[in-house]
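Asker: The structure's right below; bear with me while I get my questions together.
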Amino acid sequence: MELNKIYKIGRIGVSLVLIFLVSCKAQKEVSLKKKQLSDMVYPQLDTENSRWFYFSSASRPFGMVNLNPDTEINGDWGGGYKYTTDTVKGFSHIHEWQMSGVSVMPVTVSAENKQTIFKDFYSKFSHQTEIITPGYHSIKLNRYQITAELTSTPRVGFHKYTFPIKAQKAVLFNLNTILGPCENTNGKLEKNNDYELSGSLVLSTNFRRPKPLTVFFKIKTNEPITSLEIDNVTGNYLVNFHKTAEKILMKVGISYTSIENANNNIETELPHWNFNKTISDSRKEWSDLLGRIKIEGGTVTDQRRFYTDLWHALQGRKTISDANGAYPDNTGAKFRVGHLPLNADGKPKFNHYNSDAFWGAQWTINNLWGLVYPEIMEEFVYSLMQYYKDGGIIPRGPSGGNDTYVMTGASATPFIVSAIQKGIVKEDLEGIYTALKKNHMPGGIMEKAGYEHNTNIGGGLKYYLEKGYVPYPLPDGNFGSHEDGVSQTLEYAYQDWTLAQLAKKLNHEEDYNYFMKRAENYKNVFDAKIGWMRPKNVEGKWREDYDPYQYENGFIESNGAQSTWFVPHDIEGLAALMGGKEKAAAKLNTQFETAKKQKYTSGTSHDAELHPEFSRIPVNFGNQPSMQTSNIFTILGRPDLTQYWTRNVVKETFSGLSPATGYNGDEDQGLMGSLNVLLKLGLFQMNGGTDKDAVYQIGSPIFNKISIDLNPKYYTGKTFVIKANNNNPENVYIKDIKYNNKIVKDFTLSHKEITNGGELILEMSN
């Protein structure tokens with residue numbers, strides 16, 4: 001359907017259309033009148049269950065700056081922009097994994113509030129006067145009658161404040177406060193001249209990020225600063241302007257290395273003062289990325305939700321390197337400023353990134369980025385390798401220039417192997433293999449449990465190598481989070497298999513055989529008598545009074561029923577343990593029938609998984625451990641069940657547009673967004689695209705036509721097209737499948753076949 005038709009229908013039939021459509025004046029003011037693909041995105045999705053890094057508005061893809069209003073500031077979960085809170089507590093620039101900072105608030109100063117403004121500056125607002133679209137946020141502060149507009153470049157926040165004409169105008173800097181997951185301390189701000197300020201603050205430590213990090217920032221304004229005041233009690237600063245200044249523009253450049261680099265980020269990315277141009281540039285950048293996938297068919301809500309999912313897949317995991325390639329390196333005993341390698345033109349070869357875990361990425365960004373955004377996948381591999389070069393280890397969730405050791409295992413291995421198998425990364429493969437192998441051996445990251453910074457016991461790797469499984473409970477004691485032996489065993493076995501594929505590619509035959517043998521360790525925690533994965537203690541005895549529906553207790557953020565299917569590399573081997581494919585399919589089908597009653601998730605938020613009733617669900621699409629399960633049926637010889645259950649999961653769980661729901665679980669920086677996109681496209685890679693041919697399983701797309709633009713730098717084909725003839729909500733089954741006029745066997749296509757370009761024709765049926 002053409003975009004102009006979509007919007008015509010949307011105005012009539014969709015009540016959740018973006019707020020900016022209500023005001024022609026506002027549209028004209030911020031150049032939103034001309035519709036773009038990014039306008040399809042609904043940023044408020046799931047914001048009642050928000051998380052500090054979840055919401056995004058005035059940001060660029062993977063930008064260092066993620067600027068938006070904060071309605072809740074104290075705490076990670078429920079922090080940041082939470083839809084149900086009606087009070088703005090500041091506009092902060094960093095919403096990232098274990099990082100935050102630089103909160104500002106435009107205010108008007110009067111005789112009544114002069115003495116209290118430093119600590120009493122919050123303002124009510126209404127969603128009715130709010131405008132949100134990727135790259136732009138406008139909000140009216142009722143208390144001050146100020147309209148605040150926000151946009152950004154990758155490293156610079158750009159503010160526009162429209163004040164009441166006769167008011168005393170000021171901007172308050174709340175630099176010593178708690179924002180999300182960490183405390184902002186030692187905040188300093190100084191006036192450099194009438195139009196510039198500079199400052200810094202320190203992000204205090206926590207158990208995830210145990211080393212402090214300094215945030216440096218440079219401020220430039222279009223109006224002269226009349227004075228700078230500090231309050232000794234709160235540590236807050238007040239920047240005052242003339243009463244005559246009706247509109248104040250403010251640039252805030254961020255850096256984790258120096259004030260000079262923060263200034264350089266402004267000079268490089270935002271040398272002008274054209275606010276509307278910056279909005280337009282941001283919207284175009286978002287629209288260009290989103291536009292790599294074009295869809296036809298489905299409802300307007302289906303299409304808007306799809307682009308919202310895709311937007312989520314591109315908004316987490318933020319840049320930490322400056323425009324000139326400087327970056328914070330916290331991997332050593334002392335902090336240092338590192339410098340990325342430069343191209344011949346003097347620009348960095350890649351950006352360096354902060355990132356939540358790659359845990360579960362094998363079914364999400366591995367698949368999506370590898371096909372549609374290979375340049376992003378390549379950059380992230382180089383960034384992960386930069387951590388290795390600096391600190392001697394490939395991280396699984398770095399923050400502030402060092403690994404947090406979030407979650408478990410060597411979750412970056414499938415991500416990197418997938419990039420290599422798809423031909424995205426071609427250089428220094430031996431060096432990369434050496435780095436990856438280190439993580440799988442004693443002294444590597446597999447030895448560490450979640451957030452285990454000072455020891456290397458909680459991962460239980462020594463038992464995995466000696467006994468072929470990680471015992472539960474770990475006899476040595478507790479050293480980190482997620483010391484759940486069955487899940488650790490399953491993860492390690494899969495990750496070992498992916499490393500074995502790279503070993504084979506590089507002709508390391510001995511290593512290949514060694515890691516393939518380790519990849520069979522999943523069998524050691526499968527109890528054939530009861531048909532479930534089951535915890536074993538260090539003596540090799542099965543856990544007594546075992547309940548496969550009990551949450552955790554040997555399983556990471558899951559139960560035994562969910563995690564029994566976590567064998568991405570050998571579903572056929574798992575099926576054999578269960579008595580054959582037919583019995584395995586019947587078992588999994590029964591689990592889906594039960595899970596359907598709860599719409600396939602443990603409640604509507606991540607913390608709801610702990611609820612006694614919700615936690616007993618046998619399949620949970622709200623978290624990573626079992627989000628692949630509907631696609632398992634294809635490998636078990638029942639593609640019809642993959643088609644049926646996937647379409648049902650999408651329909652019941654991942655179709656709405658509402659602040660109250662969206663992912664019904666843990667949207668870890670694009671992982672759930674990516675999963676949703678793949679389920680709706682009908683494309684999946686069970687082993688994360690780590691096998692030699694990086695095979696995709698073909699499922700049931702919800703759209704009639706899908707066109708994916710292929711990046712010519714990486715792939716020979718121009719476009720990959722999926723046509724689903726006779727597709728509708730009832731016709732979920734594929735009765736005939738051809739690719740470039742040839743019959744497709746086993747519902748699979750290789751990465752090379754797809755990226756050479758062509759047309760996949762699906763004949764749909766009820």
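Values quoted throughout were computed directly from the atomic coordinates according to the rules given, and no laboratory measurement underlies them. Since this is a predicted model, take the numbers as computed values, not measurements. Neighbour counts are summed over all protein chains in view; Cβ atoms, including those assigned to glycine, are modelled from backbone coordinates with ideal geometry.
Asker: Which number gives the lysine pairs in the stretch 174-249 that have C-alpha atoms under 15 Å apart and are eight or more places apart or on different chains?
Answerer: Summing the qualifying lysine pairs gives 4.
Asker: Another one. Need one number for the stretch 460-611: average projected area of the convex hull over its C-alpha atoms, nm².
Answerer: About 10.4 nm², averaged over all directions.
Asker: What is the Rg over Rh value, at two decimals, for the stretch 245-323, using alpha-carbon atoms and the Kirkwood definition of Rh?
Answerer: 1.10
Asker: Follow-up. Can you sort GLU466, GLU96 so the residue with the fewest Cβ neighbours within 10 Å comes first?
Answerer: Fewest-to-most Cβ neighbours within 10 Å comes out as GLU466, GLU96.
Asker: Between GLN128 and SER258, what FRET efficiency follows from the Cβ-Cβ distance if R0 is 41 Å, with the result rounded to 0.05?
Answerer: 0.45
Asker: Still on this model: Considering the stretch 183-225, what Rg and Dmax in Å follow from its alpha-carbon atoms?
Answerer: Gyration radius and largest Cα-Cα distance of the stretch 183-225: 13.6, 42 Å.
Asker: Taking the Cα atoms of the stretch 363-438 alone, what are Rg (to one decimal) and Dmax (as a whole number) in Å?
Answerer: Taking only Cα atoms of the stretch 363-438, I get Rg and Dmax of 11.8, 31 Å.
Asker: Using only the alpha carbon atoms of the stretch 3-291, find the Kirkwood hydrodynamic radius as the inverse mean reciprocal pair distance, in angstroms to one decimal.
Answerer: Value: 19.1 Å, from the Cα pair sum.
Asker: Test of understanding: what is the full-extension gain from ASN766 to ASN537, defined as 0.36 nm times their sequence separation minus their Cα-Cα distance?
Answerer: 77.6 nm
Asker: Roughly how many Å is it from the Cα centre of the stretch 231-283 to that of the stretch 95-110, as a whole number?
Answerer: Taking the Cα centre of the stretch 95-110 as reference, the centre of the stretch 231-283 is 12 Å away.
Asker: With Rg and the Kirkwood Rh both taken from Cα atoms, where does Rg over Rh land for the stretch 242-382?
Answerer: Using Cα coordinates only, the ratio equals 1.03.
Asker: Mind listing the phi-derived Karplus ³J(HN,Hα) values for the stretch 629-641, rounded to whole Hz, using 6.51, -1.76 and 1.60 with θ = phi - 60°, and x for any glycine or proline?
Answerer: Running phi through 6.51 cos²θ - 1.76 cosθ + 1.60 with θ = phi - 60° gives 4, 5, 7, 5, 4, 4, 6, 7, x, 10, x, 4, 6 Hz.
Asker: Next question. State log₁₀ I(q)/I(0) for the stretch 206-300 at q = 0.10, 0.19, 0.24 Å⁻¹ as given by the Debye formula over alpha-carbon point scatterers of equal weight, solvent excluded.
Answerer: Normalising to I(0) and taking log10 leaves -0.50, -1.10, -1.26.
Asker: Would you mind computing the Rg to Rh ratio of the stretch 536-651 from its alpha-carbon coordinates, Kirkwood style for Rh?
Answerer: Rounded to two decimals, Rg/Rh equals 0.97.
Asker: Would you mind calculating the relative contact order of the stretch 575-677 from Cα pairs under 8 angstrom and at least 6 residues apart, reporting the percent as a whole number?
Answerer: Here the relative contact order equals 27 percent.
Asker: Going by a ≥ b ≥ c, the root eigenvalues of the Cα gyration tensor, does the stretch 596-661 fall in the rounded group (a/c under 1.5), the prolate group (a/b larger than b/c) or the oblate group?
Answerer: Taking the square roots of the gyration eigenvalues as a ≥ b ≥ c, the stretch 596-661 is oblate.
Asker: If amide hydrogens are placed 1.01 Å from N in the peptide plane, which non-local residues have theirs closer than 5 Å to the one on ALA326?
Answerer: Here LEU340 satisfy the definition.
Asker: Which ordering of TRP77, TRP273, TRP52, TRP311 is given by a fewest-first count of other beta-carbon atoms within 10 Å?
Answerer: Fewest-to-most ranking of TRP77, TRP273, TRP52, TRP311: TRP273, TRP77, TRP311, TRP52.
Asker: Then there's this: Want the number for THR87 to ASN276: 0.36 nm per residue separation, take away the alpha-carbon distance, what's left?
Answerer: Computed gain between THR87 and ASN276 is 65.4 nm.
Asker: Taking amide hydrogens as modeled 1.01 Å from N in the peptide plane, which residues meet the under 5 Å criterion relative to ASN704, leaving out close sequence neighbours?
Answerer: HN-HN under 5 Å from ASN704: GLU296, GLY297, GLY298.
Asker: Here is a further query. Arranged from highest to lowest average of other beta-carbon atoms within 10 Å per residue, in what order do the peptides 700-706, 341-347, 229-235, 751-757 appear?
Answerer: Peptide ranking by packing, descending: 700-706, 751-757, 229-235, 341-347.
Asker: Moving on. Along the stretch 698-713, what does the Karplus equation 6.51 cos²θ - 1.76 cosθ + 1.60 (θ = phi - 60°) give for ³J(HN,Hα), rounded to whole Hz, x for Gly and Pro?
Answerer: For the stretch 698-713, the Karplus-derived couplings read 8, x, 9, x, 8, 9, 6, 9, 10, 10, 10, 6, 9, 5, x, 5 Hz, x marking Gly and Pro.
Asker: Can you list residues whose amide H is under 5 Å from ASN620's amide H, if they're 5+ apart or on another chain and H is modeled 1.01 Å from N?
Answerer: HN-HN under 5 Å from ASN620: SER626.
Asker: Given Cα pairs under 8 Å that are at least 6 residues apart, what percent is the relative contact order of the chain?
Answerer: Relative CO of the chain lands at 11 percent.
Asker: If you place +1 on the Cβ of every Lys and Arg and -1 on the Cβ of every Asp and Glu, how big does the dipole about the Cα centre of the stretch 3-291 come out, in debye to the nearest 20?
Answerer: 800
Asker: Once the convex hull of the alpha carbons of the stretch 106-246 is built, what does its volume come to per residue, in cubic angstrom?
Answerer: Dividing the Cα hull volume of the stretch 106-246 by its residue count gives 134 Å³.
Asker: Then there is this: To the nearest 0.05, how large is the calculated FRET efficiency for ASN142 and LYS211 if R₀ is 30 Å and r is the Cβ-Cβ distance?
Answerer: It comes out at approximately 0.15.
Asker: Arrange the following residues from fewest to most other Cβ atoms within 10 Å of their Cβ: THR214, THR133.
Answerer: Ordered from fewest to most neighbouring Cβ atoms within 10 Å, THR214, THR133 come out as THR214, THR133.
Asker: Would you work out the relative contact order for the stretch 3-291, in percent, from Cα pairs under 8 angstrom that are 6 or more residues apart?
Answerer: Relative contact order comes out at 18 percent.
Asker: Across the stretch 558-563, in residue order, what do the Karplus-derived ³J(HN,Hα) couplings come to in whole Hz, using 6.51 cos²θ - 1.76 cosθ + 1.60 with θ = phi - 60° and x for Gly and Pro?
Answerer: 6, 10, x, 5, 5, 7
Asker: Dipole magnitude of the chain about its Cα centre, charges +1 at Lys/Arg Cβ and -1 at Asp/Glu Cβ only, in debye to the nearest 20?
Answerer: Charge dipole of the chain: 1780 debye, to the nearest 20.
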